[in-house]
Structure formats: C-alpha cells, structure tokens
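Have a look at the structure below before the remarks.
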Amino acid sequence: MAEGGHPQKLGNLDDDATETIFIEKQPRLILDNHYDIASPLFGRRVKEIGKFDIKTLSDKCTCLARGLVYLPCNQVMVSDDTNRKLKLFKDNGQFLDELSIRGYPNDLCLVDNNTVAVAVDKPGGIHVVKVEASKLSLSSEIRMSNSKDCIGITHTDGRFVVGTEGGGVYSLTQDGVADLLHQYNSKCYSLTHDPVNGDTLVSVYSNNPGNVTVSRLSANNRHTDVMKVGVVRHPFVIDVDTEANIYVCGHTSHNVVQMSGDGSQVRELLTSLEGMKYPMAISVNGDKFVVTSYDDNHIRVFELY
C-alpha cells in the first residue's frame, strides 16, 4: 500500500475493454453447508446489465472509486479518491453532478433516502452530503477529535460508526467525539449496517491465512468472525442486502462474493473470468448491484435474477 493507505498498483493491469460484457451464469458455490432455498437473492443467477464511465471533463487523474452508494431512486454516488470528488450518476450512466471534497473521500453510507455520508482522510472525519433534485450539496462536516483518518463508515441508530487506518472502529458523535468500539489488527476499509439484526459489519484488510476478513459487531460491542482469509483476500468494500446476505469485494482474490449473514454459505458471484480485477467498491439496491475496480474509470451494473 502507498503511504496514507492509498492502494498501489498491484501487478500489470491491462486496459479494460470499452464494450459491455454480458454475463449469465450460475455463481460457483464454495461452501454449501445449509443451503436455504427460501433465500431468493442468495439463490439467484447474475448478469451484467450495464457499464458506464465515471471520469468527468474536469478530472485530472484516473479515477480511484473507493466508495459507492446505489440510491433507492436508481442513482449512483461514487467517491473518487484521486480527484477528491463525489460524483452522482443515473444507473444508466447519465452524469448528474459532482462535489469537490477537502481531503480524500473513501467509503460511503446512506443516512436516509436523500442524505449520504462519506468517510474522509487527511483531515480525518465525515462529510454529510444532501442529494436533492439530482444535485449534491455539503450539509455538514464532522472532524475526528482524535485526528484519526476515517476510511470506512456506516450509519446506525442515529449515529455514525467509522473504521480507521489503524484498525480502530469508533462510534462518532455529531461534535466529533470518538468512542472506540473495537480494535482490529488491520485497516477497516468498509463498514455496513445489517438491517435484520442491527449489527455493524466490518471488512478487515488482510491476506494472512487464518485472519478475519469480515467481522460482526453487535450493539454491546461483541465481535464475531464471519469470514476468514480464503475465498476472499484483502477485502475492500462490503454491503448487505435486505435479506442480510453479505457482499464482499475481494481485492487481491479478484472476486465478488455473496454469503449468508453467519458466513455458513458462500458463493462467488463474479471472478476474474468475468473481468473482475482488483474490485474495490460494491453497493446493493434490491436485486441490482454496482461494482468498481482499481485503476478503472468505470462502474459496472449487475442484476440478480
């Protein structure tokens, strides 16, 4: 990793093709201890339904899309680290608006249907952004009282929970007071809220066999290992659907994985065979989801059917 937690290029990456690739496949089941046919999103096939460019005319660098939110109104917000912007698109690729950010924007989370928050480093904190009439506007900034750089974020029970470069997961008040919930051994690039049981799910950036890669934090700060290094290596962004299935971007395993909330069922939705190279961010909206990759100016749109 480069200084400041920004990914370095890992190996030689080929230029991505500009044409849309259509995928229609049965994802490969990795572990199927208790396959539950009553979970329709887990059992569905996947196909690619779109792909669009996120580089705008004012961008000076290749985009580094560190965070995504697939809004209920079928708009997609992306955080572009290298160009220090948030960008808003329709999910058909139509560009709507962009907003410059002071610092480097990382993980995103939905606060309500018209509000998104972004974790920011240098300086560390949170920017709260309104999405109204297809326009972005900065609502507020929250600075971390302990000066930690924020890279992962979620919103639960009226409070923000952030992950940091040093592996700490903190609850953050509106005035920036940070309360340590749990300390992990590696960077926590992404957090998400489980809508079924209210827990916080944390991705832990690790490639060491036996180390946790996805962890569950309960309301009383009890942590449970959900997934360890194996099928997924160096996870970046994670998300959860309405049925509490978890989606993980395996950055150096070059895959996107879907698993049950307890980790007992795991399947690869997308692999390098479908062009997954260093996936970084994912966001789920109903039966559709969007994915970004490192050193790539595109968002890919998929459907579970």
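The values are calculated or read from the model by the stated rules, or taken from the named source; none is laboratory data. Just so it is clear, the structure is predicted and the values come from calculations on it, not from any experiment. Ideal geometry is used to build each Cβ from the backbone, glycine not excepted, and the neighbour counts take in all protein chains shown.
Overview of results
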{"item": "Residue that is surrounded by the fewest Cβ atoms within 10 Å (Cβ to Cβ), among those in the range 81-104 that are in a strand (DSSP E or B) and charged (D, E, K, R)", "result": "K90"}
{"item": "Subset of the range 49-104 (residues that are closer than 25 Å to C188 by Cα and hydroxyl-bearing (S, T, Y))", "result": "T62, Y70, S79, T82, S100, Y104"}
{"item": "Index of the failed condition, D225 passing every other in (1) of a type outside the set (K, R); (2) surrounded by 15 or more Cβ atoms within 10 Å (Cβ to Cβ); (3) over 15 Å from T154 (Cβ atoms)", "result": "(2)"}
{"item": "Count of residues meeting criterion [of a type in the set (S, T, Y) and in a loop (DSSP other than H, G, I, E, B)] in the range 210-269", "result": "6"}
{"item": "Qualifying positions in the range 228-250 - out of contact with any helix residue (DSSP H, G or I) (no Cβ under 9 Å at 6 or more places or on another chain), surrounded by fewer than 22 Cβ atoms within 10 Å (Cβ to Cβ) and either under 21 Å from V162 (Cβ atoms) or in contact (Cβ under 8 Å) with a residue 40 or more places away in the chain (or both)", "result": "V231, V240, A244, Y247"}
{"item": "Selection within the range 153-169 - more than 17 Å from K122 (Cβ to Cβ) and either hydrophobic (A, V, I, L, M, F, W, C) or touching a residue at least 12 places away in the same chain (Cβ under 8 Å) (or both)", "result": "T154, H155, T156, D157, R159, F160, V161, G167, V169"}
{"item": "Where a residue in the range 266-282 is touching a residue at least 12 places away in the same chain (Cβ under 8 Å) and buried (at least 19 other Cβ atoms within 10 Å of the Cβ) and its partner, wherever it lies, is in a helix (DSSP H, G or I) and not aliphatic (A, V, I, L, M), with Cβ under 8 Å and at least six apart", "result": "R267/F42"}
{"item": "Residue list for the range 284-298, restricted to those being farther than 10 Å from K51 by Cα and of a type in the set (A, V, I, L, M, F, W, C)", "result": "V284, F289"}
{"item": "Selection within the range 231-270 - out of contact with any Gly (no Cβ under 8 Å at 6 or more places or on another chain) and among the small types (G, A, S)", "result": "G250, S253, S260, G261, G263, S264"}
{"item": "Any chance V232 is in contact with a Ser or Thr (Cβ under 6 Å, 6 or more places away or on another chain), at pLDDT 95 or above and within 20 Å of R267 (Cα to Cα)", "result": "yes"}
{"item": "Test: G250 is at pLDDT below 95, touching a strand residue (DSSP E or B) at 6+ places or on another chain (Cβ under 9 Å) and not acidic (D, E)", "result": "no"}
{"item": "Some residue of the range 179-187 being within 16 Å of the chain's Cα centre (by Cα) and on the phi < 0 side of the Ramachandran plot", "result": "yes"}
{"item": "Of the criteria (1) modelled with pLDDT under 95; (2) in contact with a strand residue (DSSP E or B) (Cβ under 9 Å, 6 or more places away or on another chain); (3) over 24 Å from H234 (Cβ atoms); (4) surrounded by fewer than 20 Cβ atoms within 10 Å (Cβ to Cβ), which one G158 fails", "result": "(2)"}
{"item": "Residue that is surrounded by the most Cβ atoms within 10 Å (Cβ to Cβ) [pool: residues in the range 284-305 that are more than 19 Å from T271 (Cβ to Cβ) and in contact with a Lys or Arg (Cβ under 9 Å, 6 or more places away or on another chain)]", "result": "N297"}
{"item": "Subset tally (residues that are hydrophobic (A, V, I, L, M, F, W, C) and within 22 Å of I153 (Cβ to Cβ)) for the range 41-85", "result": "11"}
{"item": "Close pairs (7 angstrom Cβ cut-off, 6 or more residues apart or separate chains): closer than 20 Å to V204 by Cα and touching a residue at least 40 places away in the same chain (Cβ under 8 Å) in the range 174-189, of a type in the set (S, T, Y) and in a loop (DSSP other than H, G, I, E, B) anywhere", "result": "K187/Y205; Y189/Y205"}
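Every residue, every condition in (1) at pLDDT 95 or above; (2) surrounded by fewer than 23 Cβ atoms within 10 Å (Cβ to Cβ); (3) not basic (K, R), yes or no:
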{"position": "P40", "(1), (2), (3)": "no, yes, yes"}
{"position": "G43", "(1), (2), (3)": "no, yes, yes"}
{"position": "T56", "(1), (2), (3)": "yes, yes, yes"}
{"position": "V76", "(1), (2), (3)": "yes, no, yes"}
{"position": "V116", "(1), (2), (3)": "yes, no, yes"}
{"position": "A119", "(1), (2), (3)": "yes, no, yes"}
